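Notes for the one structure printed next.
Quick note: the coordinates plus some simple rules give every number you see, no bench work behind them. Note that the structure is predicted; figures quoted are calculated from it, not measured. Every residue, glycine as well, gets a Cβ built from its backbone with ideal geometry; the counts of neighbours run over all protein chains shown.
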């Protein structure tokens, strides 16, 4: 299994897709840092995502009465820099669901590429059995996603510190703590994607399912909780909300419950992927 | 007793109502070059896929190096294979692709990669990406992968697809050399019967998932050799008569046909000899066919 993971690392660093994913991540962080504003690619939620949620950091107008929406990025940055400081890095980490879209690249390169190019048959026919193959791919995707998460955190932290100063930064210990707290939901995202990659196998199908999945799931979650009149607390276990809330000061019970939900998601999607893969004929 | 590399017993595979393999029994011994002959859809690739774990069997069993099921585990590493088309990562070079699989297999001696590339004449392709390879180059890289790590058993599905005549000859020589010098056992399928005939020493003829015949090269030669075939009432008595008249170069096939290979024996003389000896001859004809004709006749017999 270790050899499989080593081989995948050998291959992934020679794949353009992973550099594209890192480039996209850096671009998103650059925009966040430059505009002094955390961007979010998910569905806009009307749920309390933590203790800082009420704070409206986006001014509607500038001091001279101009509409903020009409400003250029540069002017917007200047307006934001004049505002009272806050932990921008912490806010950006609260929007880490964005990384889901980068994790898609990892799962696609690590798993779907094997199936789309039929290279999986080489590995399965003379290297290792299906169980070890599945587990090593699962582990590999998770390792890559964790690596991306930490790169995202520290690039954000140091980039923000350099560009915007300590006025808009928390401390290194805090961002590390938040990243560690967010690990289970991030691993759940990696698990969901690996499960999809084994379920759908072909790259095109995998992409068609994985890309809209998180938004569709969010909308569905909201819809169901509205229709079934579920307590608002239920929404706290939706992944985007979970990632945001874990970036604040989560209570111990919430921490435990959310981790159980994440574990459940990993098991559910992992089992679905394995059941679909374990006896399928490799073409 | 010869060591068995692969043995299947009643191996079956069905896809819904379609029976791709129907109780296939075969035995491959160490040192064999075993040829699988059959039309498209005969079940050649299916056997290979089941043995290598790419497809699940529906029935029967098989042993590989005398191990079965869960025990197979590490024995798989003793196999080198190329099944259906070669498959590699398009953005990697030949060497990088082999390196990827070498790491997977835990091969520490990286010179094996160069040796494998050299063996299939791909050592000079440099940084050319796999996607830019010709069909023949892709095929040769597939064979290089199968050769890497000195396998004990090579499973090759249509290995000469896309190769030019010189490439085919070189490959045939390579297989025969590896078989003779390193005792590598081969299971090879091919549509090109004449090519398979030149390479293999044992054959399994399949059609629609069923075994038509398993035979050695000598038996195949015998089946295809020019001769006088006689269908007679009492084959045993006919054989005695032949020997009494100094004709020893003959074979009894399936207990009902006598084949005389002695070219000096004229049909008229043979007919007279048997009739005078009291053996009723129901048919006598010249036999001796090409490999293709033999294959076709077996298929026709089955369908008939």
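Diffusion coefficient of the protein assembly as shown by Stokes-Einstein, Kirkwood radius over Cα pairs, 10 °C, 1.306 mPa s: 55 µm²/s. As a proxy for reagent exposure, B:289, B:47 were ordered by neighbouring Cβ count within 10 angstrom, fewest first; the result is B:289, B:47.
What number, in percent, do you get for the relative contact order of the range B:4-215 if the mean sequence gap of Cα pairs under 8 Å and at least 6 apart is divided by its residue count? Kindly include the intermediate steps, with their values, before the conclusion.
Values: 402 pairs, mean separation 67.6, N = 212.
The value is 32 percent.
Relative to the longest principal axis of the C-alpha atoms of chain A, give the angle of the C-alpha long axis of helix A:16-35, reported between 0 and 90° and rounded to the nearest 10°. Between helix and principal axis, roughly 10 degrees.
What's the average, rounded to a whole number, of partner chain beta-carbon atoms within 10 Å of each residue's beta-carbon in B:75-84? Could the numbers behind the result be given before it?
Values: counts 0, 6, 3, 1, 3, 2, 4, 3, 5, 4.
So the per-residue partner count for this stretch is 3.
Shielding by partners for B:192-199, please: the mean number of other protein chain Cβ atoms within 10 Å of each residue's Cβ. Before the final figure, lay out each step's value.
On the way: counts 0, 0, 0, 0, 0, 0, 0, 0.
Average neighbour count from other chains, rounded to a whole number: 0.
Determine the gain in length on full extension of the stretch residue B:70-residue B:181; use 0.36 nm per residue of separation and subtract their C-alpha separation, reporting nm with one decimal.
Values: separation 111, 0.36 × 111 = 39.96 nm, distance 3.15 nm.
Stretched fully, the residue B:70-residue B:181 segment lengthens by 36.8 nm.
Going by C-beta contacts inside 10 Å, put A:237, A:34 in order with the fewest on the left. Mind showing how you got there, number by number?
Details: A:237 19, A:34 16.
So the ranking, lowest neighbour count to highest, is A:34, A:237.
At what distance in angstrom do the alpha carbon centres of the range B:266-304 and the range B:197-248 lie from each other? Between the Cα centre of the range B:266-304 and that of the range B:197-248, the gap is 11 Å.
With a 10 Å cut-off around each Cβ of B:96-106, the average count of Cβ atoms from other chains is 6.
Comparing mean-square fluctuations of B:140, B:177, B:202 from a GNM of chain B with C-alpha springs under 10 Å, the top value falls on B:177.
Put a dot 7 Å past the Cα of residue A:226, heading toward its Cβ, do the same for residue B:85, and the two dots end up 4.7 nm apart. Relative contact order of chain A, taken over Cα pairs closer than 8 Å and 6 or more residues apart, is 29 percent. With neighbour counts taken as other beta-carbon atoms within 10 Å, the residues A:32, A:171 rank, fewest first, as A:171, A:32. Given R0 = 25 Å, the distance between the Cβ atoms of residue B:282 and residue B:217 translates into a calculated FRET efficiency of 0.20. For chain A, report the % of Cα-Cα distances exceeding 24 Å. Of all Cα-Cα pairs in chain A, 54 percent lie more than 24 Å apart. Using C-alpha pairs under 8 Å with a sequence gap of at least 6, the mean separation divided by the residue count of the range B:197-236 gives a relative contact order of 28 percent.
The alpha carbons of the range B:4-215 stretch over 47, 37, 36 Å along the principal axes, in descending order.
Pairwise over distinct Cα atoms, reciprocal of the mean inverse distance: report the Kirkwood radius of the range B:138-286 in Å, one decimal place. Write down the numbers at each step before the final one.
Numbers: mean 1/r = 0.0542 Å⁻¹.
Kirkwood hydrodynamic radius for the range B:138-286: 18.5 Å.
Here the Kirkwood formula puts the hydrodynamic radius of the range B:226-287 at 11.1 Å, using every distinct Cα pair. Once Rh for the range A:1-41 is found with the Kirkwood sum over Cα pairs, what is the Stokes-Einstein diffusion coefficient at 20 °C and 1.002 mPa s, in µm²/s? For the chosen part, D equals 177 µm²/s.
Which percent, nearest 5, of DSSP beta bridges in the protein assembly as shown are antiparallel?
So the antiparallel bridges in the protein assembly as shown amount to around 65 percent.
A Gaussian network model of chain A, with springs between Cα atoms under 10 Å, assigns the largest mean-square fluctuation among A:240, A:218, A:182 to A:218.
Residues considered: A:258, A:70, A:170. Largest GNM mean-square fluctuation over chain A, using C-alpha springs under 10 Å, is found at A:70. Separation of the range A:134-149 from the range B:68-135 is 24 Å, based on Cα centroids. Against the main long axis of the alpha-carbon atoms of chain B, helix B:267-276 sits at an angle near 50°.
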